[in-house]
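The values are calculated or read from the model by the stated rules, or taken from the named source; none is laboratory data. As the structure is a computational prediction, the values presented were derived from the model and not from experiment. Surface accessibility is based on the protein's heavy atoms, side chains included, excluding ligands, DNA and RNA. Shrake-Rupley method; radii C 1.70, N 1.55, O 1.52, S 1.80 Å.
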Amino acid sequence: GVYPYTITTANTAGVGNLVFSAGLGSAAYESRIDLQGTNTAGVAGITLSTASTARMVVTADGDVGIGTTTPLAKLDIQGTQGQLFSVTDDLSGSIFAVSDISGVPIFDVNSSGVSYFDGSVGIGTDDPQANLEVATPMATAYGTIRLRGPGGGRVDFRNATYPVGRISSSATGDMTWL
């Protein structure tokens, strides 16, 4: 008969599979974990499936794909709509960080709302030539930075010790250059 849970093993032509399957009736209701072993490099891995569709894979190289069976990086998340990645934290401090191999922080998002970037940030460019560079690909457009607040906007210029200049605007649009 048909059992709701099955474990299947196979070992033919140097291939070994271990399949954990749950679900009755139509394959649309089946969930599976497939552990693939092989004597061919790059083929072994783990696949997690629901409704007969692979949802997550771990390749023989250790790459993880969510929404893809062919991850192009250590973690490759793909989707067609909506939010792909979410971090929720009810604690304080760093909630998401990227560091170099020696542990030096490159990017950090803190639960306080303060984010840290080490290096240059490019918006509209992948080769920023300043700490922050805003570029536009349209020949007739201007690169724009908008500072908006109830009292106006302000850009402060500082050296290592003290302020050296300021551009500000009031809520009524009056500009001041110091």
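A few remarks follow.
- Ligands, DNA and RNA left out, the 1.4 Å accessible surface of region 37-165 is 56% carbon and sulfur atoms.
- Three-way shape call for region 90-178 based on the alpha-carbon gyration tensor, with the a/c threshold at 1.5: prolate
- Region 73-178, accessible area per residue, ligands and nucleic acids excluded (1.4 Å, Å²): 83
- Among 75, 91, the order of accessible area from largest down is 91, 75, computed with a 1.4 Å probe on protein heavy atoms.
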